[in-house]
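Comments concern the structure below.
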Amino acid sequence: MTGAFNGPLREFSRRTALGALGAGIIGATVASWPRLSGTDIPGRGDNSLSIAIMGTAADAAARQRAIDAFTRLHPEIRVKVQAIQAVDWKDFFTKILTMVAAGTPPDVVYVATEGAQLFAEKLAHPLDEYVRRDASDMVEFFNDVHPSLVEAFMYKGSLYQLPLDWNAANMYYNTTAFAQAGLERPADDWTHIDFRNSLAAMRKARTADFTPYYWTNRLFGGVVPWLYANDTSFLKETRSTGGDWLWDSFYANDPSRSLRSGGYQWLEPNADDDRVFESFDYLRGLVKDGLGVRPEEGGGSSLVGLFASNRIGTTPAGGYWVQGLHEAGMGGNNFDVQFFPRWKTQRHQFGTAGYAIMKTAKDKDAAWEWIKFSSSREAMELIFPSPITTPARRSMVNEQLYAGKGPAHWKTFYETLDRFPTTGPIPAPPQQAAVETALMKNVSLTVSGDESQLKQALASMQRDLELALRRQS
Amino acid sequence: MSTTTPPRERPRQTAGRAAPAKTPAGNGRRGQRWLAWIFLAPTILGMGLFTLIPIVASVILAFFRWDIISAPTFVGFDNFSEVVQDPTVRVSFLNTIIFVVVAVVLQLGIALALAVMVQEKMPDWLRVFFRSAFFFPLILSAASVSIFMRYLFNEQFGVVNWFLSLVGIPAVPWLTTPGGSATVVILVYVWQNFGFSFLLFIGGLASIPVETYEAASIDGATGWRKHLHVTLPLLSPTTLVASVMAIISALQVFDQPYVLTRGGPGDSTRTAVMVIFESAFQRLEFGQASAIGVLLTLIIMAITAAQFRLSKRFVFYQ
């Protein structure tokens, strides 16, 4: 037996081994050439419309039904969706920029408010000419979409994206925790004092393994909703002129027409404003008294599980949370949503997202056709079949979407815009990444020490924001 | 020299070099040389493409302003002067140096203590177990370890605080205060990296001759004195290598503070490499990122050179 093996093995010379190794390397290189050369990237090397979205391959597959419907309408346009995994929007934009640097940019990118002005300033092509050209087709869309969402995508008088989904920072509350504390559903116009009292009642009812208020340290849903409610922000908010072409065409009769502009501008820091101090001091008080958690750095990936296991009383979040809570086992009656508490105002913060055409797009007309189709009710129903977000179309935020999942007051989501038309987008100038870093790095310090530390942290934030805005202006 | 000795004929030279003899042996050497180059080619190519060219490009880029999208513009030393004046960069370098000092001392101290313990007083099977166990964290991804640790050290819901509460210690704000977050970052980093130094020390200890310890015992040295006067001096070459590697690695720390604390609270755990990453990939200031990278490289080179210079005094070779 041994001899039988030894014979052929002895004949297996070093030269043969090297040859086999060489052949193996060549074979592997040939086999993986599409990956090595990047030709397997959707849309590369052909004239397909390449669309980048943030998400997984499963997210890309979920869009396939929309692509199929689009292809039936436009058989001449081939569409390929490339899902790019990222920790957050900032990470996603970085990856898109890397593709731009590599000379392989996508034609269309799904961009959230966080990156809207970065893209508008440097990468995206305005939609004005297309919206004007196809005005008759677009009337129905704009009739169904609140102007606040559209205005978030105006930049220096031009429109760069059509909002497809959005979320406001409403206040979720755990109905079990509220009941244990003897609390009723809060009033629509509850104040920040009422909110604090509710937290204190929950704290009293449950002393251990429970946080009455959980919030995260990021641009959406962190400190900003409190600043907006207190009629301020950490950046001075102004508006561009222009944009009348859109408002007069599509929102001439809207009650909030006079509020609309050519887009938001955040040109100066505002962390030294007294109301900013007041808002941070309020949060510092919640943390100090054990009513609110210190804001975790980064996102709140553990939040759904903690909320669903009744260990969190309240937290700000948008309609995107409903499906997650449902999947985590929460019944529609176990949680509910209310407007964010009122302070000087009850202005909310929101974020929205939609497709942007890249300046480098091979075929901008085809890209516009995709965007126009994606904004249709048919496409949006295919892309958002469940409450994983709040659709930008008012008509889609209906009983059917939340059936069997809750919350009872799902109407709160869209009513936020109707009831508070000054509700504004995430403060995200083109320097958003630097601005977000400046905010996040100082927030923890503001709420974890005494008053003098709070003042120091806000001074540091002001300095960092000045630097961030000056650097890339 | 005898006059009868014929003068030695100088070999003919072609362009100043001796012509190689055309012998079968010479052909063999040439063949071997080609084979050597073939085997070296992937490494040389890799080094050139992924190390040398990026280094040169980075140095060049340090003199330009570039945001990926627009064309680069030459700005001379502006990036360096801006970087030096930037308080965040200054703090991050200070943090890095503090981190290096604390983490390296802990890493080497723990590794040495455990190596001595494992090498001396363990049955073989337990020794093998500990060698594997201590090395195990090193093969884990730093990012995944850090994500896991975030949950462990969560102030409200973390297991660490739960254990502390069992003995009556109130919840510690591990990741939300400057002191707490720096402590966690150092602990996690040291836990994950001491295994490498541990293995180096195990190797070093194994190379110390038993006779040296026997001679020390005869001279009356007891356990602790034996380590002080025999183990430490004879382990000094290993200590030098371990410390150089630990310092270079610690100067480049990124994953743990980035995932655990994102550099916060404030700038308390922001490190030099984090600032490079943030400048380049978040703020799109590739010129400034390169300038910081160049400065960090110079610091690493200076520290390493100083270590080798100092080593002449403290390192003993058998």
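The values are calculated or read from the model by the stated rules, or taken from the named source; none is laboratory data. Quick caveat: nothing in here was measured; it's all calculated off a predicted structure. Neighbour counts are summed over all protein chains in view; Cβ atoms, including those assigned to glycine, are modelled from backbone coordinates with ideal geometry. These area figures cover heavy atoms from the full protein model, side chains too; ligands, DNA and RNA do not enter into them. Shrake-Rupley method; radii C 1.70, N 1.55, O 1.52, S 1.80 Å.
Checking the conditions here, which among A:235, A:219, A:259 is modelled with pLDDT under 95 and more than 14 Å from every other protein chain (Cβ to nearest Cβ)?
Working: A:235 fails: modelled with pLDDT under 95; A:219 fails: more than 14 Å from every other protein chain (Cβ to nearest Cβ).
Of the residues listed, the single one that is modelled with pLDDT under 95 and more than 14 Å from every other protein chain (Cβ to nearest Cβ) is A:259.
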Q | Scope region A:433-448; condition in contact (Cβ under 8 Å) with a residue 60 or more places away in the chain and more than 7 Å from every other protein chain (Cβ to nearest Cβ); matching residues | A | A:435, A:436, A:439, A:443, A:446, A:447
Q | Unmet requirement for residue A:76, which otherwise passes all of (1) over 21 Å from residue A:388 (Cβ atoms); (2) open to solvent by 10 Å² or more (accessible area, probe 1.4 Å); (3) assigned to a helix (DSSP H, G or I) | A | (3)
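Could you please give the count of residues in region B:264-288 that are small (Gly, Ala, Ser), out of contact with any Asp or Glu (no Cβ under 6 Å at 6 or more places or on another chain) and in contact (Cβ under 8 Å) with a residue 40 or more places away in the chain? I'd like the intermediate steps shown before the answer.
Filtering region B:264-288 for residues small (Gly, Ala, Ser) gives B:264, B:266, B:268, B:272, B:279-280, B:287.
Filter once more, so that each one left must be out of contact with any Asp or Glu (no Cβ under 6 Å at 6 or more places or on another chain): B:266, B:268, B:272, B:280, B:287.
The next check asks that each one be in contact (Cβ under 8 Å) with a residue 40 or more places away in the chain; those that pass are B:266, B:268, B:272, B:287.
Matching residues across region B:264-288 total 4.
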Q: Within region A:131-157, count every residue that is among the hydroxyl-bearing types (Ser, Thr, Tyr) and open to solvent by 10 Å² or more (accessible area, probe 1.4 Å).
A: 2
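The rows are residues; the columns are (1) over 19 Å from residue A:417 (Cβ atoms); (2) open to solvent by less than 30 Å² (accessible area, probe 1.4 Å); (3) free of Cβ contacts under 8 Å to residues at least 12 places away in the same chain; (4) not in a strand (DSSP E or B).
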| position | (1), (2), (3), (4) |
| --- | --- |
| A:345 | no, no, no, yes |
| A:351 | no, yes, no, no |
| A:361 | yes, yes, no, yes |
| A:370 | yes, yes, no, yes |
| A:373 | yes, yes, no, yes |
| A:379 | yes, yes, no, yes |
| A:382 | yes, no, no, yes |
Q. Taking region A:237-271, which residues are within 23 Å of the chain's Cα centre (by Cα), buried (at least 16 other Cβ atoms within 10 Å of the Cβ) and within 30 Å of residue A:448 (Cα to Cα)?
A. A:237, A:266, A:269
Q | Any chance residue B:33 is open to solvent by 50 Å² or more (accessible area, probe 1.4 Å), more than 30 Å from residue B:132 (Cβ to Cβ), within 13 Å of another protein chain (Cβ to nearest Cβ) and of a type in the set (D, E, K, R) | A | no
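Here's the yes/no breakdown for (1) free of Cβ contacts under 8 Å to residues at least 60 places away in the same chain; (2) within 27 Å of residue A:388 (Cα to Cα); (3) more than 14 Å from every other protein chain (Cβ to nearest Cβ):
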{"residue": "A:55", "(1), (2), (3)": "yes, yes, yes"}
{"residue": "A:68", "(1), (2), (3)": "yes, yes, yes"}
{"residue": "A:98", "(1), (2), (3)": "yes, no, no"}
{"residue": "A:104", "(1), (2), (3)": "no, no, no"}
{"residue": "A:107", "(1), (2), (3)": "no, yes, yes"}
{"residue": "A:141", "(1), (2), (3)": "no, yes, yes"}
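Step by step: first the residues of region B:271-307, then only those that are assigned to a loop (DSSP other than H, G, I, E, B) and out of contact with any Pro (no Cβ under 7 Å at 6 or more places or on another chain), then the one that is farthest from residue B:91 (Cα to Cα). Which residue is that?
B:284
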**Q.** All positions within region A:90-111 that are under 12 Å from the mean Cα position of the chain (by Cα), at pLDDT 90 or above and surrounded by fewer than 24 Cβ atoms within 10 Å (Cβ to Cβ)
**A.** A:92
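Report yes if residue B:58 is outside any helix (DSSP H, G or I) and among the polar types (S, T, N, Q), otherwise no. Before you say what the answer is, go through the steps one by one.
Numbers: outside any helix (DSSP H, G or I): no; among the polar types (S, T, N, Q): yes.
When the stated conditions are applied, residue B:58 does not pass them.
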Q. How do the helices (runs of 4 or more DSSP H) wholly within region B:69-161 filter down when requiring 3 or more residues that are open to solvent by 70 Å² or more (accessible area, probe 1.4 Å) and away from chain A (no Cβ under 14 Å): which remain?
A. B:87-120, B:124-139
Q: Could you check region A:396-473 for helices (runs of 4 or more DSSP H) lying wholly inside it with 2 or more residues that are among the basic types (Lys, Arg) and open to solvent by 60 Å² or more (accessible area, probe 1.4 Å)?
A: A:411-419, A:451-471
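Residues are listed down the side, and each one gets a yes or a no for (1) assigned to a helix (DSSP H, G or I); (2) polar (S, T, N, Q):
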site	(1), (2)
A:188	no, no
A:193	yes, no
A:196	yes, no
A:201	yes, no
A:207	no, yes
A:221	no, no
A:228	yes, no
A:232	no, yes
A:238	no, yes
Q) Quick check: anything in region A:315-326 part of a loop (DSSP other than H, G, I, E, B) and either within 14 Å of chain B (Cβ to nearest Cβ) or within 24 Å of residue A:180 (Cβ to Cβ) (or both)? A) no
